[in-house]
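This report concerns only the one structure given below.
The values are calculated or read from the model by the stated rules, or taken from the named source; none is laboratory data. Remember, it's a predicted structure, so these values are computed and weren't measured experimentally. Cβ coordinates were reconstructed from backbone atoms using ideal geometry, including for glycine residues, and neighbour counts include every protein chain displayed.
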Amino acid sequence: MPAAATLVTEVALIQVQAAETIDFEQGSKSDEEYVRDILKQFNELDAYHSEMKDEVSGGTTTTTYDSQTGGTKVESYIPASEYSDEMTMTYYFYDDGTMIYDELGYLKSSASYMSLAYPDYEAQLKTVEEQMGDALVLTPPSEAAEELEDIDVTSTSGATDELFVPEDLVFQEVTKEGDVVTATVDMSTYIEENPELAEFYPANTQYSMTYSIDPAAQTITSTMTIDVDESAMEESSDDDLGISLASLITDSTVVIVTQATDEKVPAIEDLNTITEEEFDQILQDAGLDLY
């Protein structure tokens, strides 16, 4: 077996319907200037809507960001596997770090599977639904940050400053075929120089990214390649949960279509929410103590 395994993910990142929103004209810009300009325009969008599909698993994720409310809405669908039913999850996160979850929707989507372990699950869940109605569960910024293992959610949630590529990344090569301009980025050094990223990758990981801009289709297609040193990956696999990085990295093809949008994400105060403590009490009162 070779020392390195190559994992390739192709990501169709952008498709914009409104030509006046993103100007795909290259004009007199050099190829590199053109790529950076298009990326910058997308980074400055006030709102965007994206749809992602994992071609291998069939899972989908829809994301809508609205800078007016500082909110991002995420809806995920996870197909059934041998270990669980198909699941749907909806949650919101905001620039101030607030997280809001559709906990009831999650519990309902896993009902048939959970009933195997909890015979009274569906009856208890009905009681929970009667008490909650359409309420979502709110986690305030400080608690949300703790749940995310002290990740600075205020600097990453929703904001599009570096949505596609950090400005300090260096393009190794920029080529043009017809009107399609492609930039190649070697992210290995960038990851090594950023400890908060490096901890997620085993030693000697080679990570590259290409961005191809097609002005006719008004798309950006990104292809991500990761070369993992398997021996180093095994050495870095130990953690408190006993989960190896090898089990988390798999071959996949992910397609993301993102566009400027007028769709709005509700402000926090416009959503019907309850606290985690109130949610836990509702579960306990229904006899459904899962946590």
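Scanning the stretch 49-88 for residues that are touching a Phe, Trp or Tyr at 6+ places or on another chain (Cβ under 9 Å), in a strand (DSSP E or B) and of a type in the set (V, I, T) returns T60, T61, T62, T63, T64, T72, V74, T88. Looking at D95, is it touching a residue at least 24 places away in the same chain (Cβ under 8 Å), surrounded by fewer than 17 Cβ atoms within 10 Å (Cβ to Cβ), out of contact with any Asp or Glu (no Cβ under 8 Å at 6 or more places or on another chain) and in the same structural domain as D285 (by TED's automatic domain parsing)? When the stated conditions are applied, D95 does not pass them. Can you tell me which residue in the stretch 25-73 is farthest from M89 (Cα to Cα), limited to those that are of a type in the set (F, W, Y) and at pLDDT below 85? Among those residues, the one meeting the criterion is F42. Of all residue pairs spaced 6 or more apart or on separate chains, those with beta-carbon atoms under 8 Å, a first member in the stretch 50-78 that is assigned by TED's automatic domain parsing to the domain that holds S110 and without any contact (Cβ under 8 Å) to a residue 24 or more places away in the chain and a second member that is of a type in the set (D, E) and part of a loop (DSSP other than H, G, I, E, B) are Y77/E86; I78/E86.
The single condition among (1) over 27 Å from L288 (Cβ atoms); (2) assigned by TED's automatic domain parsing to the domain that holds D270 that E103 does not meet is (1). Being of a type outside the set (V, I, T), assigned by TED's automatic domain parsing to the domain that holds D285, part of a helix (DSSP H, G or I) and touching a Gly at 6+ places or on another chain (Cβ under 6 Å) is a property that Q131 lacks. Note on the stretch 279-291: residues that are in contact (Cβ under 8 Å) with a residue 60 or more places away in the chain and in a helix (DSSP H, G or I) total 4. Hey, could you check the stretch 29-45 for residues that are closer than 17 Å to T175 by Cβ and basic (K, R) and say which is farthest from the chain's Cα centre (by Cα)? Top of the filtered list is K29. Name every residue in the stretch 172-195 that is within 24 Å of the chain's Cα centre (by Cα) and surrounded by fewer than 16 Cβ atoms within 10 Å (Cβ to Cβ), in order of residue number. Selection gives T189, E192, E193, N194, P195.
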